[in-house]
Amino acid sequence: MPVDSALAPAGPAGPSPTTVPPFDQVSVAIAPGDDLVVRMPGILLVVRVEATPAPPATGPALGGWGAAPAQTPTAAPVGDSTVGELVALCRRVSAAGSRAPGRRLHDELRSWLPTVSRLPSFALAAATEEGLAVALAGEGVAEVPDLGLRLTPGDGERLEDGTCFLDRLVDWPPAALRLTAGAKIDTAPHPLADLEAGVVPGAAAVLSPAATPAPTPVPDAPSPTTLVRLPSPSALLPPPPATPPVPDLPGHDHPHAAHDHPHPPVPASPPVPVAEAAPPPPPAPVELPAPALSASLLAPPDDEAPREPLPVVVSEQPPAALAEQEPEDTRPRVKGFLCSRGHLNDPRVLFCNLCGIRMAERTGVFIEGVRPPLGLLVFDDGATVSLDMDYLLGREPETDGRVTSGQLRPLLVVDQTGGVSRHHAEIRLEGWDVTLVDAGSANGTLVAPPGAPAWQSLVPHQPVRLVPGTAVRMGGRQFAFESPHGAT
């Protein structure tokens, strides 16, 4: 499938990256018309339905109602088996459970086209991991009116019957995508109409763009600088020491003596001259003894008696503590091609089942690795089971000794008709293949490969390889096997 960015706006440096929204959460509006619009998980289809004039309606006269007025025959849609096959193909791919079935739908369409003698006009969009897979045939058109982008089958190839066909991978457009099968659009879609799932008549389907989430308000960040008032430097200094009181001496006036004890005045003596003192001489340098560190460390003291040498003990050292080993990976390992993006694939496939890259010598490496799940069992009640190990199916599978020992995983199948045995059938994984074995059930196990006209009964204890799309019947219950792995 070619990859194109025709539906993505181009900037100076190429197509701008677009986010891929969940396909089933995007609204789809329907323009009134006579064509058929089909929406299912991961797929949106608009297909042309031929109309033919219907014969005039005639009916018995009803008493009391009077004469019925003449009715003008109107055009009614004609049931087309090819349209039904196309819708059934889309349903089968959607039921496989993948949220991005675009690439698998491309492969199914390529296998279906050679079997159709007259291809109807249709426009189809399916989700992929990177964007959308678009398929157009006949007069089908995919366009983004707000951006002036348009794709038609004439941009693709011409099939053997002369019908133009286009299939292409495109980016998810940032504006509304409109799909039509060639019908004229007379009325715009109602703004409140939203087709979540189902089949309705319509001339066009408008796939809304992904809603851009509103930015979350960011609270104001606190300022990196905080104003702090520091105390003055004088407040950090210790208080000055208190001055001791001066004792009262005879012949000296106390500051408070005049008030408490009056004394007669004493004549002041003349000042005595004081000679200037000579500076003290500098201290003589003291000679320190030499350090005796080397003598005290390398030789024993003279007054200590010599000691006997320590005995030498020869023995094996205890083994070092073994590091805690990680538990061994017991999952089955298989040989396959590892694509450039790290996905392990069945060596029989040509494309990676996850990213779609072609498996060649330069894009794939043949290695041995842990086997991925090989597919799904899709039951008639909508339940799905991933196949990552062997299973035992039945009414009481937990009573089997291989289940209690861990060799098989139990899969309980509840049947109201009582047609499922206690140990009915086994699912075995052998390399990249999935096989089904009837465990000797009372009512047998029936299978129907894709395209088979009738059910086939399994021989007990004889394994049969399942291919994607195979239906299995056990009593009153039924399930289908779906898988992107393995050769068909």
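The values are calculated or read from the model by the stated rules, or taken from the named source; none is laboratory data. The model shown is predicted, which means the values in this text are computed figures rather than measured ones. For neighbour counting, all protein chains shown are included, and Cβ atoms are generated from backbone atoms with ideal geometry for every residue, glycine included. Surface areas here come from the heavy atoms of the whole protein model, side chains and all, with no ligands, DNA or RNA. Shrake-Rupley method; radii C 1.70, N 1.55, O 1.52, S 1.80 Å.
Quick one: would you say ARG150 is under 33 Å from the mean Cα position of the chain (by Cα), in a strand (DSSP E or B) and more than 22 Å from ASP24 (Cα to Cα)? So ARG150 fits the description; yes.
Conditions tested, residue by residue: (1) at pLDDT 90 or above; (2) open to solvent by 60 Å² or more (accessible area, probe 1.4 Å); (3) over 22 Å from VAL141 (Cα atoms); (4) in a loop (DSSP other than H, G, I, E, B).
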{"residue": "LEU44", "(1), (2), (3), (4)": "yes, no, no, no"}
{"residue": "ALA67", "(1), (2), (3), (4)": "no, yes, yes, yes"}
{"residue": "ALA96", "(1), (2), (3), (4)": "no, no, yes, yes"}
{"residue": "ARG103", "(1), (2), (3), (4)": "no, yes, no, no"}
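Within the range 189-204, being open to solvent by 50 Å² or more (accessible area, probe 1.4 Å) and among the aliphatic types (A, V, I, L, M) holds for LEU192, ALA197, VAL199. Would you confirm, using the coordinates I've provided, whether LEU376 is surrounded by 14 or more Cβ atoms within 10 Å (Cβ to Cβ), touching a Ser or Thr at 6+ places or on another chain (Cβ under 8 Å) and touching a residue at least 60 places away in the same chain (Cβ under 8 Å)? For LEU376, the condition - surrounded by 14 or more Cβ atoms within 10 Å (Cβ to Cβ), touching a Ser or Thr at 6+ places or on another chain (Cβ under 8 Å) and touching a residue at least 60 places away in the same chain (Cβ under 8 Å) - is met. Within the range 107-119, residues that are farther than 12 Å from ASP161 by Cβ sit with their Cβ atoms under 9 Å from residues that are open to solvent by less than 90 Å² (accessible area, probe 1.4 Å) and small (Gly, Ala, Ser), at 6+ positions apart or across chains, in these pairs: LEU109/ALA135. For the range 385-403, the set of residues classified as open to solvent by 10 Å² or more (accessible area, probe 1.4 Å) and of a type in the set (A, V, I, L, M, F, W, C) consists of VAL385, MET389, VAL403, listed by residue number. For the range 129-159, a residue qualifies if it is touching a residue at least 60 places away in the same chain (Cβ under 8 Å) and closer than 29 Å to LEU354 by Cβ, and the qualifying residues are GLU129, GLU130, GLY131, LEU132, ALA133, VAL134, GLY140, ALA142, VAL144, LEU149, LEU151. Residues in the range 173-186 that are in contact with a strand residue (DSSP E or B) (Cβ under 6 Å, 6 or more places away or on another chain) and not charged (D, E, K, R): PRO173, ALA175, ALA176, LEU177, LEU179, THR180, ALA181, ILE185. Do we have ASP167 as touching a strand residue (DSSP E or B) at 6+ places or on another chain (Cβ under 6 Å) and either surrounded by fewer than 13 Cβ atoms within 10 Å (Cβ to Cβ) or farther than 18 Å from ARG39 by Cβ (or both) here? So ASP167 passes the test. Of all residues in the range 404-423, those that are open to solvent by less than 60 Å² (accessible area, probe 1.4 Å), part of a loop (DSSP other than H, G, I, E, B) and of a type outside the set (Val, Ile, Thr) total 7.
The set of residues in the range 76-94 being over 20 Å from GLY131 (Cβ atoms) and modelled with pLDDT of 85 or more consists of THR82, VAL83, GLY84, GLU85, LEU86, VAL87, ALA88, LEU89, ARG91, ARG92. Considering ARG118, ARG104, ARG150, ARG158, the condition of being out of contact with any strand residue (DSSP E or B) (no Cβ under 6 Å at 6 or more places or on another chain) and over 29 Å from PRO373 (Cα atoms) is satisfied by ARG118 alone.
Taking the criterion of being farther than 16 Å from GLY375 by Cα and part of a strand (DSSP E or B), the residues of the range 337-351 that qualify are PHE337, LEU338, CYS339, PHE351.
Scanning the range 131-147 for residues that are open to solvent by 40 Å² or more (accessible area, probe 1.4 Å) and touching a strand residue (DSSP E or B) at 6+ places or on another chain (Cβ under 7 Å) yields a count of 1.
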